[in-house]
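Below you'll find the structure, written out as structure tokens, and then a few comments.
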Amino acid sequence: MLKILIRIAISVVVVVGLVYGGILLYTKVINPPEGKLNEDDLSAIVSDSSTAPSTDTELSTAPTPTPTQDTGITGTWLATSESTVGYRVKEVLGGVDTEGVGRTNQVNGSLTIQETTLLSTVFEIDIASIKSDSSKRDSQFTGNIMDAATYPTATFRLLTPIDLGSVPSDNQNITATAEGELTLHGVTQLVSFDVTAKIANGIIGVLGSIDITFADYGIANPSNAFVTTGDTGLLEFVLAFQKG
């Protein structure tokens, strides 16, 4: 009897080890999460002069400022399909630390500049279009977590104009702090976050991220017996704009 119990215990340990090892191999080697959006991504989108503005202009209704002769950036700029917005959240999958990452390029929006001041910006994200490397995660995300059927979009609107100080030269990085309203899951919160921007080839690129505490937006933690999800996450983005 004792030998049988020992064999069962050894078998259980072996199976658990194989499962853990398989998850570790998959999440760390075979299919690791995508890296965080960074300045390389920002440089990449402004190096592509072939990007086209979105054909959906619903959010691009900000009044066009009076043109000036001394700045080429004055005007309204429209988000292009080269934009990327998504989420990043820590997960523990079968005891292995990893990250869930979902992204979309379905971004509609605009920014309006008068001389050296960013007067306004607003962008809207199609929640159902955000995809990760797992269809099960995507189903959870658009269903139980974000309830995309009820709250199909997420939006950000700048509240405080940003003074750039001067007209940026090509490929010059500009950093600033943005303050505005972020709406997720039907709940709007004031947010403040840092952004990096640059202009080249007629494209303005904007890189940034916003820390999210899910409970602040009424978003339930979807953890279960196999997957544990953190209570916070990151909304990350690299946006491309062309003059409208």
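The set of residues in region 111-122 being buried (at least 22 other Cβ atoms within 10 Å of the Cβ) and within 18 Å of Leu207 (Cβ to Cβ) consists of Leu111, Ile113, Leu118, Thr121.
Test Thr183 against the stated conditions and say whether it is modelled with pLDDT of 95 or more, surrounded by 15 or more Cβ atoms within 10 Å (Cβ to Cβ) and β-branched (Val, Ile, Thr).
Yes.
Checked against the criterion of being in contact with a Pro (Cβ under 6 Å, 6 or more places away or on another chain), buried (at least 16 other Cβ atoms within 10 Å of the Cβ) and within 22 Å of Ser47 (Cβ to Cβ), region 92-102 has no qualifying residue. Taking the criterion of being within 30 Å of Ser166 (Cβ to Cβ) and surrounded by fewer than 21 Cβ atoms within 10 Å (Cβ to Cβ), the only residue of region 82-91 that qualifies is Thr84.
Got at least one residue in region 234-243 being surrounded by 18 or more Cβ atoms within 10 Å (Cβ to Cβ) and among the charged types (D, E, K, R)? Yes. You will find that of Ile199, Ile204, the residue that is surrounded by 14 or more Cβ atoms within 10 Å (Cβ to Cβ), of a type outside the set (S, T, N, Q) and touching a strand residue (DSSP E or B) at 6+ places or on another chain (Cβ under 7 Å) is Ile204 and no other. Checking Thr98, Thr68 one by one, the residue that is β-branched (Val, Ile, Thr), in the same structural domain as Ser209 (by TED's automatic domain parsing), over 24 Å from Ile174 (Cβ atoms) and modelled with pLDDT under 95 is Thr98 and no other.
The values are calculated or read from the model by the stated rules, or taken from the named source; none is laboratory data. Being a predicted model, the structure only gives us computed values, none of them experimental. Using ideal geometry, Cβ is built from the backbone for each residue, glycine included, and neighbour counts are taken over all protein chains shown.
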